[in-house]
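A.B. asks: Below are the structure tokens for one structure; questions will follow.
The values are calculated or read from the model by the stated rules, or taken from the named source; none is laboratory data. Predicted model only: the values in this text are computed from it and were never measured. Cβ atoms come from the backbone with ideal geometry, glycine included; neighbour counts cover every protein chain shown. Ligands, DNA and RNA are excluded from the accessible area calculation, which covers all protein heavy atoms including side chains. Shrake-Rupley method; radii C 1.70, N 1.55, O 1.52, S 1.80 Å.
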Amino acid sequence: MRKSNRDGGCDRLGASWNDGEADMSPTLREAVARFGSEAKTKLANVAAVGEPEEQLRAPLESLIGDLAELCAVSRNDVTAVGESRLAELHTRPDYAITVGNALTGFIEVKAPGKGADPRKFKDRHDKRQWEKLRSLPNLIYTDGNEFSLWHDGHLEGSVVHLTGDIETSGANLDAPQTLLSLFGGFFQWQPSAPRDARQLADVSARLCRLLRDEVSEQLAQGSRALTALAADWRKLFFPEASDEQFADGYAQAVTFGMLMARAREIPLEDGLDRAARQLGETSSLIGTALRILTDDAENQATLKTSLGTLTRVLDTVHWPAISKGDPDAWLYFYEDFLEVYDNNLRKQTGSYYTPPEVVGAMVRLVDDVLRDRFELPAGLASSEVTVADPAVGTGTFLLGVLRRIAKTVKDDEGPGAVPAAVEAAVKRMISFEIQLGPFAVAQLRILGELAEIMGPESVPPHLRMFVTDALGNPYAEQDWLPAMFGPIAESRRQANEIKQKEPITVVIGNPPYKEKAKGRGGWVESGSGNAAESAPL
């Protein structure tokens, strides 16, 4: 998402220091001299408390305002939100910068002498921090002597070196004109919309990873709100989930919730709560998950680096421009996403999706078997057939089944009979998925296919798609949950009822598997202690 103006548009004609006053913008020389003078005083103060970079904060804030004016941005429109420094945090830069109330970028301050090229850092903390912060789309590093601008981990231009030394030069500190170009590119940055599904997967994966890491760090710090939320999340979905697994679930649910909102052309800039409520009208499970995870103001404040950046960047997503009318544009999206987000997770979860050609062959085979061996002339389109995919992934098998049913009905009864037949078939199609990311993609793909077949106004409001562990115990008691959690609790209840009671004609899919899988089958393998556990799945 690299978009900037390297010239910066910076000159002497900046806005006034205070509204209504005459132009008093400093020259670049004056601004840097003041920065040097203030920094020297701070750094030389024997009573100063904290690390050297702490002493740069106040002088740097003044410099940011001065440079904003030189770049024709009113200092009154620029806010530098400073963060308290904790050595354990790697995902929170020292400053978040807003211009006109819109998050623009971040600034990370290092001790004088450390430099502004994070690729050369030797300190373990600094190296680990760079691995996190390189996902940010607009970031400045500085140690007072040097400044560098990074877009998505790529250096823009070159590192700018001031003339003199921040600790000793005082008012003699000077800077080349390229410092203005650097800040011009920083202040004028705007997110650019992804051009295709692969680029969207790359952008969203990097920011999702940053969110996951920020959640993990805040849990380690004992964040009260996030710890309570993690406990509720375990009740909702996965009782055995570790903090690491919760952080992953949180990050993917929020990221894909935002993506689903944009696929529905729901704006994010009006607030995640409003987006979640609107999304819940058509995608109740994902909408509710997004609302639960972002509803708490304390959580939003705790995770503002990653949440704020995700909101700003993903709000540019325009799905029609990405898909270009291709119904399978989402096909490999999640696999591409995982390759960037966490390739180890892709291996652990078996998230390698079956090519459409293989899916088509398997669906045709099942359809033929139903016709020939089970004497069901309509095959998968028969009203007696219930189909389940216990590890639906991004929905390719269910799409194949839908398309096979539509073709059968069209060939036998004509195109006019297809919408009603597909609407009836959807009620006999069941899917389970353990991860919210691929579930969201599957739901988008299925809804998109149904809109093509039936028309947007005729799509059923609720599909039989569930976020659940197919091997989870359906007889486990559900704890009481607040009213807000209602759609998720109801989804879980319905999934368990299907596991307990509903006869399934066809189980189709490509579930993840591992060698020596004994002991991994949960209640299916070991039983639940419930007398009804022999009920058909």
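A.B. asks: How large is ³J(HN,Hα), in whole Hz, for each residue of segment 96-109 in order, when computed from phi with the Karplus curve 6.51 cos²θ - 1.76 cosθ + 1.60 and θ = phi - 60°, using x for Gly and Pro?
C.D. replies: With the stated coefficients, segment 96-109 comes to 9, 10, 10, 10, x, 6, 9, 4, 10, x, 9, 10, 10, 9 Hz.
A.B. asks: How would you order 135-143, 316-324 from highest to lowest mean count of nearby Cβ atoms within 10 Å? Spell out each step's value before the answer.
C.D. replies: On the way: 135-143: 24.9, 316-324: 15.3.
Top of the packing list down: 135-143, 316-324.
A.B. asks: Which whole-number percent gives the relative contact order of segment 320-453, counting Cα pairs below 8 Å spaced six or more residues apart?
C.D. replies: Rounded, it is 27 percent for segment 320-453.
A.B. asks: Averaged per residue, what accessible surface does segment 129-232 expose to a 1.4 Å probe, in Å²? Mind dumping the intermediate values first?
C.D. replies: Numbers: 3400 Å² over 104 residues.
It amounts to 33 Å² per residue over segment 129-232.
A.B. asks: About the Cα centre of segment 110-242, how large is the charge dipole given +1 on each Lys and Arg Cβ and -1 on each Asp and Glu Cβ? Please answer in debye to the nearest 20.
C.D. replies: Working: 18 positive and 18 negative charges, 119 e Å.
Using Cβ point charges on Lys, Arg, Asp and Glu, segment 110-242 gives about 580 debye.
A.B. asks: Place +1 on the Cβ of every Lys and Arg and -1 on the Cβ of every Asp and Glu in segment 410-467, take the dipole about the Cα centre, and give the residue among 441, 453, 415 whose Cα lies farthest towards its positive end.
C.D. replies: Result: 441, furthest along the dipole toward the positive end.
A.B. asks: Further question: When the chain is fully extended, how far beyond the present Cα-Cα distance does residue 195 get from residue 125, taking 0.36 nm per residue of separation? Numbers along the way, then the final one.
C.D. replies: On the way: separation 70, 0.36 × 70 = 25.20 nm, distance 3.50 nm.
Stretched out fully, the residue 195 to residue 125 stretch lengthens by 21.7 nm.
A.B. asks: Given a cut-off of 31 Å, name the pairs among 235/324; 410/501; 324/407 whose C-alpha atoms lie farther apart than that in the structure shown. Please report the intermediate quantities before stating the final value.
C.D. replies: On the way: 235/324 40 Å; 410/501 33 Å; 324/407 24 Å.
Beyond 31 Å: 235/324; 410/501.
A.B. asks: Using the Cα centre of segment 254-397 as the reference point, and only Cβ charges (+1 on K/R, -1 on D/E), how large is the resulting charge dipole? Debye, rounded to the nearest 20. Display every interim value, and only then the final one.
C.D. replies: On the way: 13 positive and 22 negative charges, 45 e Å.
With only Lys, Arg, Asp and Glu charged at Cβ, the dipole is about 220 debye.
A.B. asks: Amide H to amide H under 5 Å from residue 163: which residues, 5+ apart in sequence or cross-chain, H placed 1.01 Å off N in plane?
C.D. replies: Here the answer is 174, 175, since their amide H atoms fall under 5 Å of that of residue 163.
A.B. asks: Sort the following peptides by mean Cβ neighbour count (other Cβ atoms within 10 Å, averaged over residues), highest first: 249-257, 355-363.
C.D. replies: Result, highest mean Cβ count within 10 Å first: 249-257, 355-363.
A.B. asks: Next up: Express the relative contact order of segment 129-224 as a whole percentage, based on alpha carbon pairs under 8 Å and six or more residues apart in sequence. Working shown, then result.
C.D. replies: Numbers: 91 pairs, mean separation 20.5, N = 96.
Normalised by residue count, the contact order of segment 129-224 is 21 percent.
A.B. asks: Just to verify a number: FRET efficiency for residue 224 and residue 81, C-beta to C-beta distance, R0 = 25 Å, to 0.05?
C.D. replies: On the way: r = 21 Å, r/R0 = 0.86.
The calculated FRET efficiency here is 0.70.
A.B. asks: Next up: Express in whole angstrom the spacing between the alpha-carbon centres of segment 277-313 and segment 418-469.
C.D. replies: A separation of 23 Å, based on Cα centres.
A.B. asks: Moving to a separate point now. Could you give me the ³J(HN,Hα) list for segment 58-73, computed from phi with Karplus coefficients 6.51, -1.76, 1.60 and θ = phi - 60°, whole Hz, x at Gly and Pro?
C.D. replies: 4, x, 5, 4, 5, 5, 4, x, 4, 5, 4, 5, 5, 9, 6, 10
A.B. asks: In whole Hz and in residue order, list the ³J(HN,Hα) couplings for segment 331-336 that follow from phi through the Karplus curve 6.51 cos²θ - 1.76 cosθ + 1.60, θ = phi - 60°; x for Gly and Pro.
C.D. replies: 3, 9, 4, 5, 5, 5
A.B. asks: Whose amide H sits under 5 Å from the amide H of residue 135, counting only residues 5 or more places off or on another chain, with H placed in the peptide plane?
C.D. replies: Placed amide hydrogens put nothing under 5 Å from residue 135.
A.B. asks: Can I ask one more? Non-local amide H neighbours of residue 473 (under 5 Å, H modeled in plane, Pro and chain starts lacking H): which ones?
C.D. replies: 523
A.B. asks: A further question on this structure: Return one whole number: the accessible area per residue of segment 419-475 in Å², for a 1.4 Å probe. Please report the intermediate quantities before stating the final value.
C.D. replies: Numbers: 2040 Å² over 57 residues.
Averaged over the residues of segment 419-475, the accessible area is 36 Å².
A.B. asks: Which order, highest average first, do 207-216, 365-374 follow once you tally other Cβ atoms within 10 Å for each residue and take the mean per peptide?
C.D. replies: On the way: 207-216: 24.4, 365-374: 14.9.
Answer by packing, highest mean first, reads 207-216, 365-374.
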